[in-house]
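No value in this document is a laboratory result; all are computed from the given coordinates. No experiment lies behind these values; they were computed from the predicted model shown. Ideal geometry is used to build each Cβ from the backbone, glycine not excepted, and the neighbour counts take in all protein chains shown.
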Amino acid sequence: MIITYAQGMAQLRIASQVHDYPINLEDVARLWCGGCIIRAALLEDIQAAFHAHLDLPNLLNDDHLSQAVISKQADLRAVVGLAVKLGLPIPGLMASLVYFDGYRSAWLPANLIQAQRDDFGAHTYERVDARGDFHTNWEQD
């Protein structure tokens, strides 16, 4: 649930910046605690995190909440792994795990997407071993 709230609050933060909305995420958590259909005890911890760090970019950057996620990540991985093995769809948990792994990664496999875009439309790509933009003729015989 922490990861789900982290992603949602991050989206609210970005929307607030892009559209110049004066959204205070501490207030959002407080309002949700006080009567919204998604009311949860976790919202008190979320409210406290935004109160302690006014410019918190993501709940996963809060020490208390990140430690809670880290302490349970093996369980999440086990549940997701078992569901995959059994062919059971659990998209919410799978998406949460992917978001967590993506958020904490310094390097992501976007290079494959860049290579595909370059192949389909000569959009170029960046490399990790050299600076600049590159294009490859992917259909060489």
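Miscellaneous remarks
- Sparse-neighbour loop sites [chymotrypsin sites (Phe, Trp or Tyr not before Pro); the range 41-141; at most 15 other C-beta within 10 Å; DSSP]: Trp107, Trp138
- In this structure, Asp63 and Tyr21 have a Cβ-Cβ separation that, at R0 = 22 Å, corresponds to a calculated FRET efficiency of about 0.20.
- Charge tally in the Cβ shell below 11 Å around Tyr125, where Lys, Arg are +1 and Asp, Glu are -1, Tyr125 excluded: -2
- Tilt relative to the chain, helix 2-18 - C-alpha long axis, 0 to 90 degrees, to 10: 80
- Full-stretch length increase - Leu86, Thr136 - with 0.36 nm per residue and alpha-carbon distance subtracted: 14.0 nm
- Charge tally for Ser66 (other residues, Cβ to Cβ under 13 Å; Lys, Arg +1; Asp, Glu -1): -1.
- Zero-based 5 Å bins, Cα pair distances in the chain, whole percents: 2, 8, 14, 14, 14, 13, 12, 10, 7, 3, 1, 1, 0, 0
- Pairs of Cα atoms nearer than 8 Å and 6+ residues apart set the relative contact order; for the chain it is 17 percent.
- Estimated from helical segments only, the mean residue ellipticity of the chain at 222 nm is -20000 deg cm²/dmol, where each DSSP H run of four or more residues counts as -39500 (n - 2.57).
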